[in-house]
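To start, the structure itself, in C-alpha cells.
Bear in mind that the values in this text are calculations on the coordinates, not laboratory data. Everything numeric here is computed off the predicted structure, so don't read it as measured data. Please note: Cβ atoms are built from the backbone with ideal geometry, for glycine as well, and neighbour counts cover all protein chains shown.
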C-alpha cells in the first residue's frame, strides 16, 4: 500500500484520519492500523470503494494506492 499517496489525496481534500475514519464508519485507531499496515490490518473492499467515491479516484489511482507494492 502507498500510504503517502492516500495521505496526499486526503490533504488535498482537507481530510484528516479522523474525518475519513468517521466517513468509513471505523474507529480512528483502526484506520491508523490499516493506513500503517499494522497488525496485518488492511482496508476492505467496501472501504476502498468508499474512498474511491469520496475522492473521485480513478481505477489507476486505486491500484497505485492499494495494490502496487514497492520493489527495490
Scan of the range 48-65 for residues that are surrounded by fewer than 16 Cβ atoms within 10 Å (Cβ to Cβ) and not in a helix (DSSP H, G or I), ordered by number: 56, 58
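Per-residue answers, yes or no, for (1) touching a residue at least 24 places away in the same chain (Cβ under 8 Å); (2) not in a loop (DSSP other than H, G, I, E, B):
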| residue | (1), (2) |
| --- | --- |
| 4 | no, yes |
| 7 | yes, yes |
| 11 | no, yes |
| 14 | no, no |
| 18 | no, yes |
| 23 | yes, yes |
| 26 | no, no |
| 29 | no, yes |
| 33 | no, yes |
Odd one out for residue 25, checked against (1) more than 14 Å from residue 65 (Cβ to Cβ); (2) under 11 Å from the mean Cα position of the chain (by Cα): (2)
